[in-house]
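Chemist: For reference, the structure I am asking about is given below.
The values are calculated or read from the model by the stated rules, or taken from the named source; none is laboratory data. The structure presented is a predicted model; accordingly, all values stated were derived computationally and were not measured. No Cβ is skipped: glycine too gets one built from the backbone with ideal geometry, and neighbour counts run over all protein chains shown. SASA here: full protein model, heavy atoms, side chains in, ligands and nucleic acids out. Shrake-Rupley method; radii C 1.70, N 1.55, O 1.52, S 1.80 Å.
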Amino acid sequence: MKDNFPPIRLRPGLDPAPFAQAYAEKKFVQVPDIFEPELAQALEQMLSGLPWRLTFNEPGEGNIQLTREDMQRLGQQGVQQRMANVMKLATQNWGYCYNTYQMNQAAREQRDPDHPIHQLTQFLNSPEFMEFGAAIIGETGITQVDCQATLYTRGSFLTRHIDDGIQSERRCAYTLGFTDGWMTDWGGLLMFLDENTDIESAFLPRFNTLTLFDGRKIHSVSQVSAFAGKPRLSIAGWLRND
């Protein structure tokens, strides 16, 4: 599968200059058609078939990642108890629950060695992508890119938070959207909140679109609706200066 996957590169002719101007003004910008259509479709199909883990946070345990086998061992009652704890925390605007594939972690652990997901991890940490992102956000010292694939199904959410990092190493947050035809009523919107926690703006997870934004702004992902017509598929992470 890895050998047959097309080379990953930005769409030829992309100029960061107009996006840099928009980012300088609003600390937010979307770059449509970041990849050529055939590559975007191939990436969507590749990401859809990942060995996902259910991720959430629990006090005293930190980030939890459950494989399908883990959930089978817990059984229905065990999983339901975990989810009850997650929802209780969410009432206090704390936590998250969605499916993840931690791309950097998987590469370090040499998990799924023949999977083309590692080509995408390498691309996101390549000079081509890092220099493109750095040119848009006006940052000269990008040293690495954190990335995780995310799959939000019905009920998934990410409560409001900021992303500055332990040592303020996160220079910019980003998402790469791979969900075609998403509808507003399905939830799953990237939302920015003002100091009163009112919604300042909200954006669809558009297909083949790179979104760059200042992670120090309060933001969240609204819960995916019970009637969403498909899962919400994206890459999320940070451009870092370590």
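Chemist: Kindly indicate whether any position in region 132-144 is aliphatic (A, V, I, L, M), under 29 Å from V86 (Cα atoms), in contact with a Leu (Cβ under 8 Å, 6 or more places away or on another chain) and not in a helix (DSSP H, G or I).
Modeler: no
Chemist: Right, W52: of a type outside the set (S, T, Y) and in contact with a Leu (Cβ under 8 Å, 6 or more places away or on another chain) or not?
Modeler: yes
Chemist: Ok, one more. List every residue pair whose Cβ atoms sit under 6 Å apart, with the two residues 6 or more apart in sequence or on different chains, where the first one lies in region 120-137 and is among the aliphatic types (A, V, I, L, M) and the second, anywhere, is open to solvent by 10 Å² or more (accessible area, probe 1.4 Å) and at pLDDT below 95.
Modeler: M130/I142; A134/I142
Chemist: Restricting to region 123-149, give me the number of residues that are among the hydroxyl-bearing types (S, T, Y) and touching a Pro at 6+ places or on another chain (Cβ under 8 Å).
Modeler: 0
Chemist: Those residues that are open to solvent by less than 50 Å² (accessible area, probe 1.4 Å), in contact with a Lys or Arg (Cβ under 6 Å, 6 or more places away or on another chain) and either within 26 Å of G229 (Cα to Cα) or acidic (D, E) (or both), I need them from region 110-145; list them, please.
Modeler: E139
Chemist: Name the residue that is surrounded by the most Cβ atoms within 10 Å (Cβ to Cβ), counting only residues in region 214-242 that are more than 14 Å from D164 (Cα to Cα) and basic (K, R).
Modeler: Out of the qualifying residues, it is R232.
Chemist: Go through (1) among the charged types (D, E, K, R); (2) assigned to a loop (DSSP other than H, G, I, E, B); (3) open to solvent by 30 Å² or more (accessible area, probe 1.4 Å) and name the single condition R160 misses.
Modeler: (2) is the only condition that R160 fails.
Chemist: Among the listed residues Y96, Y101, which satisfies the condition of being within 27 Å of S220 (Cβ to Cβ), in contact (Cβ under 8 Å) with a residue 60 or more places away in the chain and not basic (K, R)?
Modeler: After applying the criteria, what remains is Y96.
Chemist: On the basis of being farther than 26 Å from A134 by Cα, over 16 Å from the mean Cα position of the chain (by Cα) and not aromatic (F, W, Y), does G13 make the cut?
Modeler: No, not satisfied.
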